[in-house]
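Worksheet: one structure, shown below.
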Amino acid sequence: MAATLSTGSNPRARLHANYRNLALWTFQGWLAMFFIAAGYGKMTESMDNLAALMTWPALVAEPLVRGLGVAELLLALGVLAPLLSWKMGRPVLLAAATGLLAIETLMLGVHVIGLDLGLSLVNIFLIAITVPILLGRRA
């Protein structure tokens with residue numbers, strides 16, 4: 001069994017590992033792009049515009065919205081940390097993906113409670129691409 005999991009000399013296993021790696025990098029890119037844009041928007045858009053797009057910013061203090069934007073932006077950059085160095089970037093990636101998963105889960109609850117189906121589905125999609133990143137990059 002262990003021999004079938006090894007990618008050392010098995011071309012089929014190496015090909016599978018390459019496809020898996022490509023899929024994980026694709027998910028990491030999508031996740032980073034989404035949260036860079038979302039974080040930047042929360043940091044720069046007026047509160048009126050944010051409240052028009054999402055109902056929850058009208059219910060909380062502005063510093064919370066801006067702080068969440070900063071956190072999203074920094075965590076998104078952390079997802080891309082392995083581009084600089086896999087050895088040092090992998091732990092950063094795992095921490096950033098864990099942080100984003102926590103935000104996604106929390107915001108899914110906020111959007112479900114607010115009966116916002118569209119944003120709930122967005123968070124379900126984000127969770128669906130973050131979990132494979134965490135599971136696939138942990139080893």
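Rg of the Cα atoms in region 3-85, relative to 2.2 N^0.38 Å, amounts to 1.62.
Give the calculated FRET efficiency between VAL131 and LEU74 to the nearest 0.05, with a Förster radius of 35 Å applied to their Cβ-Cβ distance. Efficiency computed from Cβ-Cβ geometry: 0.95. The angle between the Cα long axis of helix 117-137 and the main principal axis of the chain comes to about 30°, on a 0 to 90 degree scale. Applying D = kT/(6 pi eta Rh) to region 11-137, where Rh is the Kirkwood radius over alpha-carbon pairs, T corresponds to 20 °C and eta to 1.002 mPa s, the Stokes-Einstein value obtained is 139 µm²/s. For THR55 and TRP30, what does the FRET efficiency come to when R0 = 22 Å and r is the distance between their Cβ atoms, rounded to the nearest 0.05? Between THR55 and TRP30 the formula returns 0.30. Using only Cα atoms, find the angle between the long axis of helix 62-79 and the longest principal axis of the chain, and express it within 0 to 90 degrees, rounded to the nearest 10. Tilt relative to the chain: about 10 degrees. Estimated from the Cβ-Cβ distance and a Förster radius of 41 angstrom, the FRET efficiency linking THR105 and ALA13 is about 0.75. Scalar couplings 3J(HN,Hα) for region 18-35, obtained by applying the Karplus form with A = 6.51, B = -1.76, C = 1.60 to θ = phi - 60°, are 5, 5, 4, 4, 4, 5, 5, 5, 5, 4, 4, x, 4, 4, 5, 4, 4, 6 Hz; x denotes Gly and Pro. For region 1-123, the relative contact order works out to 18 percent when only alpha carbon pairs closer than 8 Å and six or more residues apart are counted.
A helix-only calculation puts the chain at -27500 deg cm²/dmol for mean residue ellipticity at 222 nm, using -39500 (n - 2.57) for each DSSP H run of at least four residues, averaged over all residues. In plain terms, the chain from LEU64 to SER85 could stretch by 4.4 nm, reckoned as 0.36 nm per residue minus the Cα-Cα distance.
Readers should treat all values here as calculations from the given coordinates under stated rules, not as data from a laboratory. As the structure is a prediction and not an experimental result, all values here were calculated from the model. In this analysis, Cβ positions are derived from the backbone assuming ideal geometry, glycine residues included, and neighbour counts consider all displayed protein chains.
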